[in-house]
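What follows draws every value from the coordinates through simple rules; no lab data is involved. From a predicted model like this one, the values you see are computed outputs, not experimental measurements. A quick note on method: Cβ atoms are made from the backbone with ideal geometry, for glycine too, and the neighbour counts reach across all protein chains shown.
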Amino acid sequence: MAIVSPGFSGRRRSSDVQLPPGQYLTEDFPVLTAGPTPRVPTDRWELTISTEAGRKHVWSWQDLTGLPAEKITTDIHCVTKWSKLGTRWKGVSLDVLLEEVETAADFALVQSYGGYTTNLPLEDLLDGQAWIAYRYDDDDITPEHGGPARLLVPHLYFWKSAKWVRGIQLLLEDEPGFWETAGYHDYGDPWREQRYQGD
Amino acid sequence: MARAAVSGRLTWRVASVAENRAITASARSLVFDVPGWPGHLPGQHVDVRLTAEDGYSVQRSYSIASAANGDRVELAVQRVADGEVSPYLCDVLNAGDQVELRGPVGGWFVWRATDPAPVLLVAGGSGIAPLMAMIRSRAEQGSRVPFRLVYSVRTPQDVYFADELRQRAREDAGLDVHLVYTREAPEGAPAPKRIGVATLNTHGWPPDFTPNCFVCGPTGFVEAVADILVALGHDPRRVRTERFG
């Protein structure tokens with residue numbers, strides 16, 4: 001049973017705003033990063049998808065931005081409890097990138113410039129659920145928010161939306177990433193409040 | 001749920017306020033008794049949950065400011081004027097009152113006493129909390145790892161744990177404390193300024209000492225300090241950061 005805090009009433013939001021449990025609304029765009037912000041010029045930027053068989057598919061910045069892109073408007077949820085509604089992005093669907101990739105893998109380990117990693121089931125990257133985003137709010141994505149390009153997987157806690165994305169390694173077995181090895185949940189569904197290992 | 005029950009770590013626990021005292025005009029130290037607390041590493045945080053009588057509840061994360069000490073956990077809470085949780089924690093909670101608390105959480109922004117590398121701590125404002133836990137743990141464990149703290153505050157009145165830091169700077173061998181005032185400096189101190197390359201060059205460690213750097217504070221502050229450390233030649237992988245909003 002929850003302990004009731006005497007005299008605490010909280011600040012309720014209008015009922016038409018549906019937030020995952022334990023989340024509060026923010027109008028800002030907080031920055032959360034484990035280390036210094038990498039700055040990657042687009043002429044050196046590259047995205048590599050490698051398969052379990054060791055096959056590599058590589059896109060340059062020009063390749064990526066030449067692909068059909070989508071505009072995405074979506075809510076995002078950070079495990080540190082803030083949620084931000086109606087964020088606007090532009091990017092290439094992972095469906096487009098994975099179309100030419102032959103794989104039997106069930107898992108993906110996403111890798112970033114700067115060394116960050118995060119894992120997720122491959123199926124969570126498919127079917128219009130994930131993008132390599134390179135625009136935010138009609139502008140380039142700033143370095144502190146993961147520019148020049150970041151993964152966008154809005155249906156999971158935002159630590160899965162790796163900033164400064166550099167590669168996706170397709171794997172037959174799940175391999176926990178940076179925060180997942182530091183006690184955070186392997187999957188991270190905000191609606192099931194999967195914050196930490198064991199949730 | 002089964003895994004949480006097995007590890008016993010991340011269940012919500014009832015925490016009773018043992019003490020609620022002012023640290024500065026806008027921040028308070030809250031000490032909780034948390035029966036069954038499993039202990040923590042300095043730098044880890046907890047989730048605090050408040051529940052209203054009708055079941056509405058909110059959660060926030062706070063860094064732990066204390067070294068591991070039995071069932072006691074200290075948080076340093078800055079009052080955010082329009083905040084939903086911090087004014088309640090600061091101004092309403094009294095000794096004996098209860099909240100729920102879960103943790104410890106976080107395995108990256110932590111200092112381990114077994115690591116012999118020198119440590120640079122850089123704090124901005126309330127960002128001192130997890131770094132204070134490291135300073136206190138170092139003393140608690142009798143560690144001789146050399147520590148340097150560079151602490152940026154607006155005015156002398158904004159220094160958290162001012163008396164304790166003064167005393168530790170005198171008594172904890174191998175701990176250096178350097179304060180940087182951004183708005184108003186005390187008599188005899190250099191004029192107000194922000195932390196710059198020269199500050200971290202003089203009061204930090206040379207990169208070839210391969211120190212562990214922990215930087216905690218508001219986003220703009222952390223971005224600036226981390227950029228300077230990298231520019232000075234520190235390995236980005238040894239610069240750990242925690243940002244407050």
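Evaluate peptide B:47-55: per residue, the Cβ atoms of other protein chains within 10 Å of its Cβ; return the mean as an integer. Intermediate results must be reported in sequence, preceding the final value.
Working: counts 5, 0, 4, 7, 7, 9, 6, 4, 2.
Counting other chains' Cβ atoms within 10 Å and averaging over B:47-55 gives 5.
Tell me, what is the FRET efficiency for B:R21 and A:T87 to the nearest 0.05, using R0 = 35 angstrom and their Cβ-Cβ distance as r? Show your work: numbers first, answer last.
Details: r = 40 Å, r/R0 = 1.15.
Result of the calculation: an efficiency of 0.30.
Hey, got the Cα dimensions of region B:119-243 along the principal axes, in Å, largest first?
Ordered largest first, region B:119-243 gives principal extents of 36, 33, 24 Å.
For the Cα atoms of chain B, what angle does the longest principal axis make with the long axis of helix B:128-140, in degrees from 0 to 90, nearest 10?
90 degrees
Please compute, for peptide B:81-94, the average count of beta-carbon atoms on other protein chains lying within 10 Å of each residue's beta-carbon. Let's see the in-between values first.
Details: counts 0, 1, 1, 6, 5, 0, 0, 5, 2, 0, 0, 4, 4, 1.
So the per-residue partner count for this stretch is 2.
Among residues other than A:E180 whose Cβ falls under 10 Å from its Cβ, what is the net charge (Lys/Arg +1, Asp/Glu -1)?
-2
Cut-off under 22 Å on the C-alpha distance; same-chain residues fewer than 8 positions from A:K84 excluded. Which lysines are left, in chain and number order?
Counting by Cα, and skipping residues close in sequence, A:K84 has these lysines nearby: A:K71, A:K160, A:K163.
Starting from the 7 Å offset along Cα-to-Cβ, what nm value, one decimal, do you get for the label separation of B:Y56 and A:D137?
Label at B:Y56, label at A:D137, 2.8 nm between them.
Rounded to the nearest 500, what is chain B's calculated 222 nm mean residue ellipticity when only DSSP H runs of at least 4 contribute -39500 (n - 2.57) each, over all residues?
Calculated at 222 nm, the ellipticity per residue is -6500 deg cm²/dmol.
Among B:R148, B:R194, B:R72, whose mean-square fluctuation peaks in a Gaussian network model of chain B (Cα, cutoff 10 Å)?
Maximum among the listed residues: B:R194.
How far is helix B:162-171 tilted, in degrees, relative to the longest principal axis of the Cα atoms in chain B, given as a value from 0 to 90 rounded to the nearest 10?
60 degrees
Hey, what's the per residue convex hull volume over the C-alpha atoms of region A:76-120, in cubic angstrom? All intermediate terms of the calculation are to be shown ahead of the outcome.
On the way: hull volume 6.0 nm³, N = 45.
Residue-normalised Cα hull volume stands at 134 Å³.
Hey, quick one: spin label on B:D115, modelled 7 Å out along Cα-Cβ, who in region B:204-227 has an amide N within reach, i.e. under 13 Å?
B:210-215
How large is the helix-only mean residue ellipticity at 222 nm for chain A, computed as the sum of -39500 (n - 2.57) over DSSP H runs with n ≥ 4, divided by its residue count, in deg cm²/dmol to the nearest 500?
Only helices count here, giving -1500 deg cm²/dmol.
Given the Cα-Cα distance of B:A162 and B:D227 and 0.36 nm per residue of separation, how much length would full extension add, in nm?
20.6 nm
Pick out which of B:Y151, B:Y181, B:Y160 has the largest mean-square fluctuation in a Gaussian network model of chain B, springs linking Cα atoms closer than 10 Å.
B:Y181
When DSSP beta bridges are limited to those with both residues in region A:1-104, what percentage is antiparallel, rounded to the nearest 5? Mind dumping the intermediate values first?
On the way: 12 of 14 bridges.
So the antiparallel bridges amount to about 85 percent of the total.
Would you work out the charge dipole size for region B:188-245 about its Cα centre, treating the Cβ of every Lys and Arg as +1 and the Cβ of every Asp and Glu as -1, and quote it to the nearest 20 debye? Kindly include the intermediate steps, with their values, before the conclusion.
Values: 6 positive and 5 negative charges, 23 e Å.
I would put it at about 120 debye.
At 7 Å along the Cα-to-beta-carbon direction for both A:L126 and B:V80, put a label point, then send me their distance in nm to one decimal.
With each label point 7 Å from Cα toward Cβ, the separation is 4.0 nm.
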